[in-house]
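Note sheet for the following structure.
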Amino acid sequence: MLLILIIDGRPVFFIQTRSGYLGHPFRLIKFRTMSNNFEKGDNERVTKLGYWLRKTGIDELPQMIQVLRGDMSLVGPRPLLPEYLALYSETQLKRFLVKPGITGYSQLFVAKNAPWPERLQADVWYVENRNIILDLKIIFHTAKYIFIKLCCISSATKESFERFTGNKI
């Protein structure tokens, strides 16, 4: 928090409404990783500190507040924007039968640039197959991923996600 305050200024947190369990909205909290210059595109707004926070996953740490409040789980599908709710197919809506997670199957085992249907299919697979062993595997792989990123962080290209526009399958 202190680094963000000193280097990038206020606000320290990024707060946004996302869809949670059964599609109910909740306020997601992350460390802020973008500048307040809204004239630039999202990729250009990511700060140097923000890039490091994103690459290591540290920007997600404030979500532990949501876990403690019961809005989120440690493991589950990524919480997405409420405006996407009307765009999901009936099958894709199954992702809301569990709480969203700080980490999840799709985030770890599906390429970040994979098309939306593939990412959402992985979320549904997780919901239909979730168990304590799978959750422990996801937590282990997340810890390994963070450790590798902390040790081997590079200045590779910044990542961004395309907007979900629907795909009724």
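The values are calculated or read from the model by the stated rules, or taken from the named source; none is laboratory data. What you see is a predicted model, and the numbers here were worked out from it, not measured in a lab. Reconstructed Cβ throughout: ideal geometry from the backbone, glycine too, with neighbour counts over all protein chains shown. To get the accessible areas, we keep the full protein, side chains included, count just its heavy atoms, and leave off ligands, DNA and RNA. Shrake-Rupley method; radii C 1.70, N 1.55, O 1.52, S 1.80 Å.
Given Tyr51, Tyr84, which one is over 19 Å from Leu5 (Cα atoms) and of a type in the set (Ser, Thr, Tyr)?
On the way: Tyr51 fails: over 19 Å from Leu5 (Cα atoms).
Selected residue: Tyr84, the only one of Tyr51, Tyr84 that is over 19 Å from Leu5 (Cα atoms) and of a type in the set (Ser, Thr, Tyr).
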Quick check on my filter: what residues within segment 2-24 are part of a loop (DSSP other than H, G, I, E, B) and either charged (D, E, K, R) or more than 17 Å from Glu83 (Cβ to Cβ) (or both)?
Asp8, Gly9, Arg10, Pro11, Val12
Can you name the residue in segment 108-138 that is in contact with a helix residue (DSSP H, G or I) (Cβ under 8 Å, 6 or more places away or on another chain), under 22 Å from Thr56 (Cβ atoms) and in a helix (DSSP H, G or I) and is also most open to solvent (accessible area, probe 1.4 Å) among such residues?
Phe109
For segment 6-55, enumerate the residues that are touching a residue at least 40 places away in the same chain (Cβ under 8 Å), closer than 18 Å to Gly101 by Cβ and open to solvent by less than 40 Å² (accessible area, probe 1.4 Å).
Arg18, Ser19, Gly20, Gly23, Phe26, Leu28
Identify, by number, the condition in (1) touching a Ser or Thr at 6+ places or on another chain (Cβ under 9 Å); (2) open to solvent by less than 40 Å² (accessible area, probe 1.4 Å); (3) over 27 Å from Cys151 (Cα atoms) that Asp59 doesn't meet.
(3)
Before we move on, is Gln107 under 16 Å from Ile29 (Cβ atoms) and under 13 Å from the mean Cα position of the chain (by Cα)?
no
